[in-house]
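Participant: Quick one: the structure is below, and I'll ask about it shortly.
Every number here is computed from the coordinates shown, using simple stated rules; none is lab data. Quick caveat: nothing in here was measured; it's all calculated off a predicted structure. Note: ideal-geometry Cβ built from the backbone for every residue, glycine included; neighbour counts use all protein chains shown.
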Amino acid sequence: MQSKNKILIIDDQPSIRFGVRSLLEGEGFSVLEAETGAQGLSVITSTAPHLVLLDLRLPDADGLDLLPRIKAIDDALPVVVLTAHGTIETAIRALKNGAENFLTKPFDPESFLLLISKTLGESSTRRERLLTGLAQDRLVAEYFQGRAQSMTRLHAALERLAPTDTTVLLHGETGTGKGVVAHLIHHLSGRAAKPFVTVNCAGLTRELLESELFGHERGAFTGAVAAKPGLLELTHEGTLFFDEIAEMEPSIQAKVLHVLEERKFRRVGGTQERETDVRLVAATNKNLKEEVKAGRFREDLFYRLSVMPLTLPPLRERREDILPLVEHFIGHYNARLNRRVRGATPQAEAMLVSYNYPGNIRELRNVIERAVILCAGDLIHADDLPLGGVESWETSAADAAPRDADGQKQFLSLDELEALHVKRVFAATNRNLTRTAELLGITRTTLYAKLRKADPDFLPKENA
């Protein structure tokens, strides 16, 4: 079920916050409050609201100075400035600093609500524009399920950089979707109508990779009976994606660097320099800085690739997105396998939320495909979930375990494991007591007691 739009009010006057809160809650919005700029930035970082109402005069900051700091956290987050000291000059400065709109207090409630609705609608449209023309692409569609803050920021960064020709370096564990993001960058760029070509640097020998990239002339090596254009020619005006670039041989790295700097290359066995216009996107699951220190990756190429580095978070760090992804995958495999699975039982959902997914989204997708096949009825049960067996659950527990002063992992007791499980499910439901209790199969009272015992900071506010 979709959560209500969250609106943050940053205003130092309690009467203003109370009036705006009452007005917005009456329309079904979820309202957050902050009375200083510092509190506002903290709330934005921790809760990822959908819209901010910002007063210009705050005890610790000028609202106009706060705007860029808000946009630095989430460039796509819409901000409406509220002030009792409105002038045309102030309005222009607010809009230049990134505000979506400007209102002078006092304001008409009906006009205010219309503006809020319009601003939220435009914000939603901007985010959905990332999916324009890609509705049939299953991988891209799954990538945009959920609203984890880390992913919202990543979506905003992609929207800004995709239309440019900037070289992009993608970091992320196996299965986090680096190939999907590379496709997305291409589809959202001005090169979308041109070729998109993937080169897996780990799957080719040095000689074969060199020939595939740069092409070769007739007689360049044994078996080269005819000249052959390489991918740098065939991908002209398109996007070339180097997957697992850390595995590329140093001699090839030097030639790729030359292409990046000069946009020129020679075929293997050739003397003629050819020009190419390709956008390069690279991906790795390794720490390239460490590879540079170890002498396995060229430092100059690393810095040339790192013009726009993006890190894709592992699924265990965006657990609130797991259940939306599960729903998406069930729908996909229902259509593909001619099944009619409605969803998962609360116990199965709790298991899905708590698992650590060493294979990330790719692993979750495979788990749901098998579960849709295995389940006997119209609901996926815990027994239908092939989540890596006992060893994987032990690994999840070990990964979550605290470390001692020497950095050694300490084993968790059963009570500690239960507390960890409860906190994970509670966080994944956006701190919804009723939904969490349902998933865990316990009462709200029991859940509250367990949360109080596990960590008082996890308890919801009084009006939650």
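Participant: What ³J(HN,Hα) values, in whole Hz, does the Karplus curve 6.51 cos²θ - 1.76 cosθ + 1.60 give for segment 214-226 when θ = phi - 60°, with x put for Gly and Pro?
Facilitator: So the J values, rounded to whole Hz, are 9, x, 8, 8, 4, x, 5, 7, 4, x, 7, 7, 8.
Participant: Per the Kirkwood definition applied to all pairs of different Cα atoms, how many angstroms is the hydrodynamic radius of segment 149-311?
Facilitator: Value: 16.3 Å, from the Cα pair sum.
Participant: Rounded to the nearest 0.05, what FRET efficiency is calculated for LYS118 and VAL225 with R0 set to 56 Å and r the Cβ-Cβ distance?
Facilitator: It comes to 0.30.
Participant: In which sequence would ILE7, ILE16 go, from the one with the fewest C-beta neighbours within 10 Å to the one with the most?
Facilitator: So the residues, fewest neighbours to most, are ILE16, ILE7.
Participant: Oh, and also: Out of residues 5 or more away from ARG279 or on other chains, whose amide H comes under 5 Å of its own, with H placed 1.01 Å from N in the peptide plane?
Facilitator: GLY238, THR239, LEU240
Participant: In whole Hz, with x marking every Gly and Pro, tabulate ³J(HN,Hα) for segment 277-284 from phi via Karplus 6.51 cos²θ - 1.76 cosθ + 1.60, θ = phi - 60°.
Facilitator: 10, 10, 9, 9, 10, 10, 9, 7
Participant: Run lengths n ≥ 4 of DSSP H only: what is the helix-derived mean residue ellipticity at 222 nm for the chain, with -39500 (n - 2.57) per run over all residues, to the nearest 500?
Facilitator: -14000 deg cm²/dmol
Participant: Further question: Across 10 Å bins from the origin, how do the percents of Cα pairs in segment 166-236 run, short distances first?
Facilitator: 16, 38, 31, 13, 1
Participant: Give me VAL268, VAL326 ranked fewest to most by other Cβ atoms within 10 Å of their Cβ, as a rough exposure proxy.
Facilitator: VAL268, VAL326
Participant: Near the amide H of LYS105, under 5 Å away, which other amide H atoms are found, from residues 5 or more places off or on another chain, if H is placed in the peptide plane?
Facilitator: Sorted by chain and number, the residues that satisfy this are THR83, ALA84, HIS85.
Participant: Arrange GLU317, GLU217, GLU349, GLU210 by Cβ neighbour counts within 10 Å, fewest through most, would you?
Facilitator: GLU317, GLU217, GLU210, GLU349
Participant: I would also like to ask the following. Within straight cross-link reach of LYS255, meaning Cα distance under 23 Å, which lysines are found once same-chain residues fewer than 8 apart are removed?
Facilitator: Of all the lysines, those that pass the test against LYS255 - Cα under 23 Å, at least 8 places apart if same chain - are LYS228, LYS264, LYS286, LYS289, LYS293.
Participant: Next question. Write down the Kirkwood hydrodynamic radius of segment 243-355, to one decimal in angstroms, obtained as one divided by the mean of 1/r over all alpha carbon pairs.
Facilitator: Roughly 18.2 Å, rounded to one decimal.
Participant: If only Cα atoms are counted, what is the Rg of segment 1-85, and what is its Dmax, in Å?
Facilitator: Expressed in Å, the Cα Rg and Dmax of segment 1-85 come to 12.1, 40.
Participant: Follow-up question, since we're still on this one. When the Cα centres of segment 50-123 and segment 298-348 are compared, how far apart do they sit, in Å?
Facilitator: Each part reduced to its Cα centre gives a spacing of 33 Å.
Participant: State the three equivalent ellipsoid semi-axes of the chain, derived from the C-alpha gyration tensor as the square roots of 5 times its eigenvalues, in descending order and whole Å.
Facilitator: With the √(5λ) rule applied to the chain, the semi-axes are 44, 32, 21 Å.
Participant: Hey, with R₀ at 56 Å, roughly what FRET efficiency would ARG218 and SER306 work out to, going by the Cβ-Cβ distance, to 0.05?
Facilitator: 0.90
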